[in-house]
Amino acid sequence: MNAIRHEGLTGRQLRMARRVAEKHDLPATSDFDAVRLLRAKGIDPFQRSNMLELVVPQAGGEQREGGPGSAFNDLPAQVGGAGSGRVQLPQTVPVGRTTLPSTQVSPMERRTREISDIQKDITRRRRKKIGLLLVRLAFFVLIPTFCAGYYFYKLATPMYATDSQFLIIQNEGGGGSSPFASMLPTQFANSADSIATQAYLQSKDAMLRLDGDAGFKEHFTAGDIDAIQRLNNDPTNEEAYKLYKKNIKIGYDPTEGVIRMEVIAADPQVATVFSERLLKYAEERVNSLSQDKRDSGMRDAEAGYDKAVITRRDAQQRLIELQVANGVDPEAVIGAIRAQITNYESLLIEKQLELAALLDNARPNSAKVDGVQGDVRRIEGALTQLNDKMNNATEGHNSLAKQAVTLQLAQADLMNADANLQLAQTGLEQARTNAGRQVRYLTVAVRPVASEEPSYPRKFENTILAFLIFGGIYLMLSLTASILREQVTS
């Protein structure tokens, strides 16, 4: 059994021996015992055949493989016609090879050797993976970074930047109760104008104007500029505008109210000329915005005032026409009639009282009674006439009351027109004051000065940035590939 254990049989061979032993009803207690029993019966458990073949003794009386005292020498030799000249005993390796492991190696040494082999294999695989990683890093990160650095250090055309700063000031502010409040610029009062000016300087309109005045396209189509930063020989406005936005950088700081502008060109003098032109455009834009605001405010105020004057003139003319058409004052006539009626009614009451006093006497004087009665009768007739006249004055289409109402409405319209005219005149004066305060002007805080050294490209910073970009792209691709591989294999 010890000799069989030292033969180095594989697990598959032992399982096969166990199955063959069970097939032949051999009482095997273990896989090695199954091999021993099969060999004792002269059966090869590792040959795929259902026929039992007998073991043929080796020619010349040589001992079977395994050496003296081996279990092979104790097996009975049986001769079969079909198996003559063949070795029927189990063989773990082909006969005649000198590379077979020794059967005398101890398990500790074999385990140590296997562990060493495993460690060497792990080291070899790790080195292979590290080598592949370095190759991928070199291909996807280092080589592109080297190309970018080579471009920035050797091929890129030096670009010169001209910086300038300007503010937009207005004569309107919030200085509180100070007498100089109207002369101090507020912090955020000109933010809209500053943003509008910044948007104009970054627009295609400003680019076309700069190209017509200073030759923007012509400068960037020169042959001394590298191919990446150079425009085509006949560039479109869209291509030129894309490069314009890249080389003209404008920023507005709302906390300070300062607009900072950086103009980049291949020649420092050209960059200065571009910057001066853009400052001029900004000043014209500010003046235009200020003039538009003043004109808009004055235009509305003047239109309101002119309309109020025309309305007042029409109301006055209508009142005069009504007065001329009526000839008299209807209200005065009606008042006079009412006064007469009131007087006659008072006089009638007195006469009636006097007549009642005369009639109360036992023997009244007939002459006096007749005279008082005549007075009462005459007064009543006058009152009847006055009431008829009053009714004719207050009734009808062209009555005095109707004329009076029309005159009152005309007078009310004239009063409203006078009030509106006064308000329009006040608004016009206020608009003139506001127009004077709405004056805005551009103040250049930092004048553009030609640079003596190139500002772009920033070689080291751009190379490091390229390395980080390529490294990030490789990292994202590696993580994505790892996740996809894991999802596919799971």
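Pairing each residue of the range 464-478 that is closer than 12 Å to residue 142 by Cα with any residue that is charged (D, E, K, R), provided the two are 6+ apart or on different chains, yields C-beta distances under 9 Å for 474/136. Across the range 215-226, what is the total count of residues that are assigned to a helix (DSSP H, G or I) and crowded, with 17+ Cβ neighbours inside 10 Å? Selection size over the range 215-226: 4. May I ask you to verify whether residue 277 is of a type outside the set (A, V, I, L, M, F, W, C), assigned to a loop (DSSP other than H, G, I, E, B) and crowded, with 17+ Cβ neighbours inside 10 Å? In short, no. Restricting the first member to the range 11-35 and to residues that are farther than 12 Å from residue 46 by Cβ, and the second to residues that are of a type in the set (Val, Ile, Thr), the beta-carbon pairs closer than 7 Å and six or more apart or on different chains are 24/43; 32/4. For the range 342-361, the criterion of a residue being part of a loop (DSSP other than H, G, I, E, B) and surrounded by fewer than 15 Cβ atoms within 10 Å (Cβ to Cβ) is satisfied by at least one position. Could you count how many residues in the range 187-207 are in contact with a helix residue (DSSP H, G or I) (Cβ under 7 Å, 6 or more places away or on another chain) and free of Cβ contacts under 8 Å to residues at least 60 places away in the same chain? So the answer is 3. Among the conditions (1) closer than 30 Å to residue 170 by Cβ; (2) touching a residue at least 24 places away in the same chain (Cβ under 8 Å), residue 253 misses just one, which is (2). Restricting the first member to the range 145-167 and to residues that are within 17 Å of residue 458 (Cβ to Cβ), and the second to residues that are of a type in the set (Phe, Trp, Tyr) and surrounded by 18 or more Cβ atoms within 10 Å (Cβ to Cβ), the beta-carbon pairs closer than 9 Å and six or more apart or on different chains are 145/470; 148/470; 162/274.
Cβ-Cβ contacts under 8 Å between residues 6 or more apart (or on different chains), taken from a first residue in the range 370-381 that is surrounded by 13 or more Cβ atoms within 10 Å (Cβ to Cβ) to a second residue that is part of a helix (DSSP H, G or I) and not aliphatic (A, V, I, L, M), are listed as 372/351; 372/354; 375/351; 376/351; 376/352; 379/344; 379/351. From the list 250, 259, the one residue that fits, being modelled with pLDDT under 95, crowded, with 21+ Cβ neighbours inside 10 Å and not in a loop (DSSP other than H, G, I, E, B), is 259. Take the residues in the range 171-197 that are surrounded by 18 or more Cβ atoms within 10 Å (Cβ to Cβ) and at pLDDT 50 or above, then tell me which one is farthest from residue 274 (Cα to Cα). Across the range 171-197, the extreme among qualifying residues is 172.
Taking the conditions (1) within 30 Å of residue 210 (Cβ to Cβ); (2) modelled with pLDDT of 80 or more in turn, residue 356 satisfies each one other than (1). Quick check: anything in the range 408-427 assigned to a helix (DSSP H, G or I), surrounded by 13 or more Cβ atoms within 10 Å (Cβ to Cβ) and either among the acidic types (Asp, Glu) or modelled with pLDDT of 90 or more (or both)? Among the residues of the range 408-427, at least one is assigned to a helix (DSSP H, G or I), surrounded by 13 or more Cβ atoms within 10 Å (Cβ to Cβ) and either among the acidic types (Asp, Glu) or modelled with pLDDT of 90 or more (or both), which makes the answer yes. Of all residues in the range 441-480, those satisfying the criterion of being outside any helix (DSSP H, G or I), surrounded by 14 or more Cβ atoms within 10 Å (Cβ to Cβ) and among the polar types (S, T, N, Q) are 451, 455.
The values are calculated or read from the model by the stated rules, or taken from the named source; none is laboratory data. Computed from a predicted model, the values in this text were never measured in an experiment. All Cβ positions, even for glycine, are placed from backbone atoms using ideal geometry, and neighbour counts span all protein chains on display.
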